[in-house]
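Following: one structure in structure tokens, then a few remarks.
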Amino acid sequence: MTTWFSELTSFEKIYWILAGISTLVFLFVLIMAFIGADGHDLGDTDTEIESDTGAGFQFFTFKNMVAFFTIFAWSGIASMDAGYSKGITLVISLVCGLLMMLVMALLFHYISKLSDSGTLDMKNAVNTIGEVYLTIGAKRSNIGKVHIRVQNALRELEALTDHDADLTQGMVVKVLDVTSNGLLIVEPQNN
């Protein structure tokens, strides 16, 4: 092994050293991610940045740099084995490394977009159909409750009506509006 390494040029040695170190770090990061130990206890800067919801697209993170150097080194070794010159090898390595960083940054960016805050947005209840659970007083005289499906969940929400008669339990209603304090304004749904 030492004979093989000593016969390499200094350019090749740099690529092999980078490949060895970056691959080991990459495997360590990958194993830690699979066992769930890539959180705060390791002091990972990606975690601090990813938890900041205002950061958005991030290109320079620890994981991206590890991926860059891993792909950079291995694509350079492959280019040298293919017989390319040092200049071409360097360009191919840089392009492959940067593409890997871009792919990883886009991957984490779009994965973070998949998260759901779970916060109820009352405006999503407008124009939906529900059922009266507790009687709603006529002309906003008494707050009642309705069962209504909002954001793919059945919810029990407080409601008022401008209708002339009370809306009693079991009546089907439609949400017309939402007040500033989150009360639904409903009307009986015509069958």
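Rule-based calculations on the coordinates, nothing more; no lab input. Everything quoted here is computed from the prediction, not taken from an experiment. Because the Cβ atoms are built from the backbone with ideal geometry, glycine has one as well, and the counts that use them run over all protein chains shown.
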note = Phi-derived 3J(HN,Hα) across region 125-135 with the Karplus relation (6.51, -1.76, 1.60, θ = phi - 60°), rounded Hz, x for Gly and Pro, is 7, 4, 6, 9, 9, x, 10, 5, 9, 10, 3
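Assuming R0 = 30 Å, what is the FRET efficiency of R149 and K113, from their Cβ-Cβ distance, to the nearest 0.05? Display every interim value, and only then the final one.
Values: r = 24 Å, r/R0 = 0.81.
Once the sixth-power term is evaluated, E becomes 0.80.
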task = Would you mind checking which residues have amide H under 5 Å from M171's amide H? H placed 1.01 Å from N; only 5 or more apart, or other chain.
result = V132
request  = Convert each backbone phi in region 64-74 into a coupling constant with the Karplus relation 6.51 cos²θ - 1.76 cosθ + 1.60 (shift: θ = phi - 60°), then list the ³J(HN,Hα) values in order as whole Hz, x for Gly and Pro.
outcome  = 5, 5, 4, 4, 4, 5, 5, 5, 3, 5, 5
Backbone HN-Hα couplings from phi across region 136-142 [Karplus 6.51/-1.76/1.60, Hz, Gly and Pro as x] = 9, x, 4, 6, 6, 7, 8
task = Name the lysines eligible as straight-distance cross-link partners of K123: C-alpha to C-alpha under 23 Å, and not fewer than 8 places from it in the same chain.
result = K113, K139, K145, K174
Placed amide H near V178: partners under 5 Å, 5+ positions off or other chain = I185
request  = Enumerate the lysines that K13 could reach by cross-link, defined here as Cα to Cα under 28 Å, with residues fewer than 8 away along the same chain left out.
outcome  = K63, K86
request  = Specify which labelled value, from (1) 19.8, 78; (2) 16.5, 49; (3) 29.9, 95, agrees with Rg and Dmax of the Cα atoms in Å derived from the coordinates of the model shown.
outcome  = (3)
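Taking the number of other C-beta atoms within 10 Å as the exposure measure, put S75, S180 in order starting with the fewest. Walk me through the numbers before you get to the answer.
On the way: S75 21, S180 6.
Listing S75, S180 from fewest to most nearby Cβ atoms yields S180, S75.
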